[in-house]
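Data first, discussion second: the structure below is written as structure tokens.
The values are calculated or read from the model by the stated rules, or taken from the named source; none is laboratory data. In this text, all values refer to a predicted model and were calculated from it rather than measured experimentally. In this analysis, Cβ positions are derived from the backbone assuming ideal geometry, glycine residues included, and neighbour counts consider all displayed protein chains. Ligands, DNA and RNA are excluded from the accessible area calculation, which covers all protein heavy atoms including side chains. Shrake-Rupley method; radii C 1.70, N 1.55, O 1.52, S 1.80 Å.
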Amino acid sequence: MKYLFSFILLVHAALHLLGFAKAFHLTEINTLSQNISKPIGTLWFLTFLLFSITTAIYIKNYKFWFVFAFIALILSQILILMFWKDAKFGTLANILILIVSLSAYGQFQFDKMVERETKEILKDAQTKNPSFISEKDILHLPEAVKKWLINSRVIGQEKRQTIQLKQIGEMRTKPNSKWMPFTATQTFNVQIPGFVWETKVEAMPFIWMRGRDKLYQGQGNMLIKLANLIPVVNESNNKQINSGAMIRFLAEICWFPSAALNNYIVWESISENSAKATLTIKDTSVSGIFKFSTEGDITSFEAKRYYGGKTNSKLETWRINMTSHKTFDGVKIPNKSNVSWKLEEGDFNWLNLEIIDVNGVVNKKTE
């Protein structure tokens, strides 16, 4: 895709040299029947340069390449309108370049939003003077949870305050729809429950969706845009989306087990290998049940969650099965899992996910 679009840019740029050559009588140009003055010919050359610069910075992956593209497109289309009889088909190329440029602008704005929101959720995290987990820190927990923390090797480890995960996987929107591959980055404030999850989903060849899920101060927000431009989902700050984001945070402490020790989670023993966790943010609480293997690995999480983020969404059973475990930075966590809705018509497995990298996050600007 990148090389094809670069080729289109270069060819379109080169075609503008015809107007320059015609104006300065550099060669015989039969495809342009109208006379072109030298000042206008200079504009044709300037447009060629702008498209060439656009191509170069696009290939170099500079995010602001669309700025040069917009200027080049304006000049190009003005010239095309002036010489419509001979140059009208150049409009088709300009439309294609405009669509891709608008998508790039949308991606730039989306990335800026994610960067701003990530800084926002991390701003209150205390990253100085880290504390370390000792055996006495887990004494009050149910046996199943203690076994999990010991098996996860968090004893002696630093208590996480912030963390960032890289993810890959596949998702789908309906039981019979096709799987769509995705990549994602998720940043957590573990000290004050919050996260920003941003993803890029390949909906179809050359068509991508960008998504962002967020929990901040107990309020959730889900945003999905097609081609970085067209909002498909934009739900925020209602009971359904708020509790869904909180349940998601609760389930995902499996990736940073030291969160189990924070006061915002209350544990209740259910059996030798299961425990109920209740997360409270401000005056709102959500709960879910973790199950563990006899060795202490998390095997599943299950909770009642609203199926969708709209105000008329219904509570359904939401289940995560952890299928594989791996050690990152000395801590053993589930690295592969699948997520399903338990619906009346049958189970709907909508997400398969793999953690590929785990990093501590230090927000230097807020220290």
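Where in the stretch 251-310 are there trypsin sites (Lys or Arg not before Pro) that are in a DSSP coil and have at most 13 other Cβ atoms within 10 angstrom of their Cβ?
282, 310
If a/c stays under 1.5 just call it rounded; otherwise compare a/b with b/c (prolate if a/b is bigger, oblate if not). Do that for the stretch 33-151, with a ≥ b ≥ c from the square roots of the Cα gyration tensor eigenvalues. Prolate. Exposure here means at most 14 other Cβ atoms within 10 Å; with chymotrypsin sites (Phe, Trp or Tyr not before Pro) in a DSSP loop as sites, the longest stretch of the chain lacking them is 207-367.
Over the stretch 29-161, accessible surface divided per residue gives 57 Å², non-protein components excluded, 1.4 Å probe.
How many percent of the accessible area of the chain is carbon or sulfur, using a 1.4 Å probe?
58 percent
Of 16, 140, 325, the order by accessible heavy-atom surface (1.4 Å probe, DNA, RNA and ligands excluded), from most exposed downward, is 140, 325, 16.
The residue 45 and residue 315 beta-carbon pair, evaluated with R₀ = 56 Å, returns a calculated FRET efficiency of approximately 0.30. In the context of the full protein assembly, residue 180 retains an accessible surface of approximately 20 Å², using a probe radius of 1.4 Å and ignoring ligands and nucleic acids. When the P(r) of the stretch 268-367 is calculated, the portion above 16 Å amounts to 69% of the C-alpha pairs. Each residue was assigned an accessible area with a 1.4 Å probe, and for residue 139 the value is about 120 Å². Highest mobility in the GNM of the chain, judged by mean-square fluctuation with C-alpha springs under 10 Å and restricted to 97, 289, 224, is found for 97. Please enumerate, by chain and number, the lysines with C-alpha under 21 Å from the C-alpha of residue 291, excluding those fewer than 8 residues away in the same chain. Qualifying lysines at Cα under 21 Å: 146, 147, 276, 304, 326, 332, 336, 342. Calculated mean residue ellipticity, 222 nm, the chain: -10500 deg cm²/dmol, from DSSP H runs (n ≥ 4) at -39500 (n - 2.57) each, averaged per residue and rounded to 500.
Report the rotationally averaged projected area of the chain based on its alpha-carbon convex hull, in square nanometres.
Value for the chain: 22.6 nm².
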